[in-house]
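Here is the structure we will look at, set down as structure tokens.
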Amino acid sequence: MSETVYPVPAEIAANALIDNEKYLEMYQRSVSDPEGFWGEHGKRVDWIKPFTKVKNTSYDPHNVSIKWFEDGTLNVSANCVDRHVATRGDQPAIIWEGDDPSEHKVITYKELHHEVNKFANVLHACGVKKGDRVTIYLPMIPEAAYSMLACARIGAVHSIVFGGFSPDSLAQRISGCDSKVVITADEGLRGGRKVPLKANVDKAVAGLSVDKVVVVKRTGGDIAMKDGRDVWYHEEADRVSDHCEPVEMNAEDPLFILYTSGSTGQPKGVLHTTGGYLVYASMTHQYVFDYHDGEIYWCTADVGWVTGHSYIVYGPLANGATTLMFEGIPTYPSPSRFWDVCDKHKVNIFYTAPTAIRSLMGAGLEHVEKASLDTLRVLGTVGEPINPEAWNWYHDNIGKGRCPIVDTWWQTETGGILITPLPGATALKPGSATRPFFGVQPALVDAEGKILEGATEGNLVLLDSWPGQMRTVYGDHERFVQTYFSAYKGMYFSGDGCRRDEDGYYWITGRVDDVINVSGHRMGTAEVESSLVAHPKVSEAAVVGYPHDLKGQGIYVYVTLMAGEEPTDELKKELRDWVRKDIGPIASPDLIQFAPGLPKTRSGKIMRRILRKIAEDSFENLGDTSTLADPAVVDDLIDNRQNKH
Ligand code: ATP
Ligand code: MG
């Protein structure tokens, strides 16, 4: 992998919240004295009753229990909204950019306060009480943020389901947490196409005991309303007052339930609580993005993913930031959309996913060159390992060589970013998530759970808790213990493989389940994929193992070519030689399949478990495919699979 080092740029260093010296000092304190460190930083949020206890956590598999600030009380919506009204009431809280470039809206903190109070009262009117679960199935419109904060205001637990999910997946997630109320819109709008959200809800709730469906009008499309069950949000909002007192919540009361992306198996219903989550989301948002007052911050994720929860809504709003919310997709009306929006709203901090970067890279530079991008200061990525090739493209063409890239490693389960550079503190290496955030103690272990020292490779675990950690799998604590705490005693197992270099930098190598063993050599998927993506004709690549008589496992590679490239046998040979030269003969692909598209989760991650099944010829049992973005891709891959004989 690339070992070029990019030092902190001088202009960033001059103004940064945290420099390297401060990082080292704060990190040291955070792990040697977590009580003192978090006791102090816990005060960054407003407490109704201040906590006196800081940390009470156990990773003992017989008694896994995680509590932070357990005797404090607070309200998340008061922290994200009310406390900013006096000091920054007229500052934009949310800049909403519609799917259609002609539509946008600015919502100040004062207006946000009004909207959240209204929404909270509508939920009250629908019978929602503290502790009740509410499913939110909305497009990326401001009402998504209003409804989340409204739930938090009255102590209801929200469970957001991404608007791209089918009625079946939605039904599973509604019944999974027993929601009596569902919030949706008539239709969504993405890339110029309408998404039938309300019709999907009608199908999903058919066999369930849902009392109320609250419908936000987005497109005005023709939908059915069921008497007694369905209500229009705008009609209800007219009937209620715009004052709703925030409910006093215990730090450990649930804030939300959210399902993982489903890359490796059946999604897990992750439960996050109130106090620790908010402290961690807001602190990471401020320091990881070096957020300065008044800056325009844009995270392109959907609120249906944890990234949208922590880094569109809760983290930024707790910090009084201006957060941009985008309804559309990166390629509509053209692949220059992201860059146009950066210029239009003078975005300073931009946070996206490798999948978006790779696809925009594949679309060609002409889409970038029209934009000036001169307000950008810090860039970020999350979701998958970023191939150095894509990192360099992002750094050179979007950041114009002057913006640090924070490659943030974390999970739905972790609530916030765990391993990441800090813009003013960390010299960057393309493809590395670099160093742990404050209070985070990563370690690499072998298959037996022995901690490995120094520069090495192994399974990534965390040795101690941090405030944003998930507390349980909703309704299934045993699954929580089994999934994360049973593999290695006394440690949280992330499921990811990782390498640590001589500088103590961490490099995520892919999922542990995806590791390939070729003639006794263990290989992560990221390294081989990065090598392929570095080839000028390759846009994306996914690597899996398949049973091989001689080597144990052979390397099966799926390759998506750049627009306009021809899939030929000569190119296959060229790619084999390329990897052999780059990494070594051991990594040389045995079989290469050209694929117009790769199976991805709806959050854009490559689903290697499905590719592995295809490579093994076991198509009957593809596992849970409900989180697949485009099932047609799989049929094409099966039809064109490579013969092993
Ligand atoms: P499931 O747990 O259901 O299989 P998932 O793991 O994809 O789905 P998420 O919680 O959305 O669900 O994703 C977390 C995972 O994403 C991490 O465990 C890691 O594999 C990957 N990931 C996230 N950020 C990065 C990053 N910066 N570098 C490398 N990998 C990352
Ligand atoms: Mg996961």
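What follows draws every value from the coordinates through simple rules; no lab data is involved. Computed from a predicted model, the values in this text were never measured in an experiment. Positions of Cβ are backbone-derived with ideal geometry, glycine not excepted, and every protein chain shown enters the neighbour counts.
Applying 1/(1 + (r/R0)^6) with R0 = 41 Å to the Cβ-Cβ distance of Asp60 and Ser209, what FRET efficiency is obtained, to the nearest 0.05?
Efficiency computed from Cβ-Cβ geometry: 0.60.
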12 Å beta-carbon shell around Thr408, net charge (K/R +1, D/E -1): -1
Could you tell me which residue out of Gly320, Phe289, Ser263 lies farthest along the dipole of region 239-330 toward its positive end? Charges go on the beta carbon: Lys and Arg +1, Asp and Glu -1, centred on the Cα centre. Ser263
Measure nothing but the geometry: give the 0 to 90° angle between the long axis through the Cα atoms of 167-176 and the longest principal axis through the Cα atoms of the chain, rounded to 10°. 60 degrees
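Taking neighbour Cβ counts within 10 Å as the exposure measure, how do Val533, Val201, Val106, Val116 sort from fewest upward? It would help to have the intermediate numbers written out before the result.
Numbers: Val533 21, Val201 26, Val106 13, Val116 29.
Placing the least packed residue first, the sequence is Val106, Val533, Val201, Val116.
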How many Lys pairs in region 107-250 lie less than 20 angstrom apart by Cα atoms, where the lysines are 8 or more positions apart or on different chains? 24
Give me the Kirkwood hydrodynamic radius of region 56-159, using the inverse of the mean 1/r over all pairs of distinct Cα atoms, in Å to one decimal. 15.6 Å
Need the full-extension length gain, Ala224 to Glu103, defined as separation in residues times 0.36 nm minus the C-alpha distance. One decimal, nm. 40.9 nm
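Summing +1 for each Lys or Arg and -1 for each Asp or Glu, what net charge is found among the other residues whose Cβ lies under 11 Å from the Cβ of Lys55? All intermediate terms of the calculation are to be shown ahead of the outcome.
Values: positive: Lys53, Lys67; negative: Asp33, Glu35, Glu70, Asp464.
Local net charge: -2.
Length gain on complete extension for the stretch Thr331 to Ala13, per 0.36 nm per residue less the alpha carbon to alpha carbon distance? Write down the numbers at each step before the final one.
Details: separation 318, 0.36 × 318 = 114.48 nm, distance 3.38 nm.
Net length gain for the segment: 111.1 nm.
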Total charge of the residues flanking Asp582 in space, meaning their Cβ is under 14 Å from its Cβ, with Lys and Arg +1 and Asp and Glu -1, is -3
Based on other C-beta atoms within 10 Å, arrange Thr284, Thr375, Thr184 from fewest to most. Thr375, Thr284, Thr184
Could you state the angle between the C-alpha long axis of helix 20-32 and the longest principal axis of the C-alpha atoms of the chain, as a value from 0 to 90 degrees rounded to the nearest 10? 80 degrees
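Indicate the gyration tensor shape class of region 135-281 (rounded, prolate or oblate), computed on the Cα atoms with a ≥ b ≥ c the square roots of the eigenvalues: a/c under 1.5 is rounded; otherwise a/b larger than b/c is prolate and the rest oblate.
Numbers: a/c = 1.65, a/b = 1.18, b/c = 1.40.
Here region 135-281 falls in the oblate category.
Give the calculated FRET efficiency between Lys130 and Arg83 to the nearest 0.05, with a Förster radius of 25 Å applied to their Cβ-Cβ distance.
Working: r = 21 Å, r/R0 = 0.84.
Calculated value: 0.75.
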Relative contact order for the chain using alpha-carbon pairs under 8 Å, separation at least 6, rounded to a whole percent? 13 percent
Tilt, helix 109-125 to longest principal axis of the chain (alpha-carbon atoms), in degrees rounded to tens, equals 80 degrees
Rg(Cα) / (2.2 N^0.38 Å) computed for the chain, rounded to two decimals: 0.93
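Go ahead and estimate [θ] at 222 nm for the chain from helices alone: -39,500 (n - 2.57) per DSSP H run with n ≥ 4, summed, over the residue count, rounded to 500. The partial results should precede the final answer.
Working: 20 runs with 183 residues, N = 645.
My calculation for the chain gives -8000 deg cm²/dmol from helical runs alone.
Where does region 519-640 land on Rg(C-alpha)/(2.2 N^0.38 Å)? Mind dumping the intermediate values first?
Values: Rg = 14.0 Å, N = 122, 2.2 N^0.38 = 13.7 Å.
Computed over Cα atoms of region 519-640, the ratio equals 1.02.
Where does each of Thr426, Thr52 land when they are ranked from fewest to most other beta-carbon atoms within 10 angstrom?
Numbers: Thr426 22, Thr52 10.
By the 10 Å Cβ count, ascending: Thr52, Thr426.
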So if I take the centroid of the Cα atoms in region 91-111 and the same for region 404-429, what is the distance between those two points in Å? 28 Å
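Let's see if you can work this out: charge +1 on each Lys and Arg Cβ, -1 on each Asp and Glu Cβ, no other charges. What is the dipole magnitude of region 519-640 about its Cα centre, in debye to the nearest 20?
520 debye
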Furthest towards positive pole of dipole, Val303, Ser166, Val214, structure part the chain, Cβ charges: Val214
Along the charge dipole of the chain, Cβ charges K/R +1 and D/E -1, which of Ala204, Gly584, Leu138 sits furthest on the positive end? Ala204
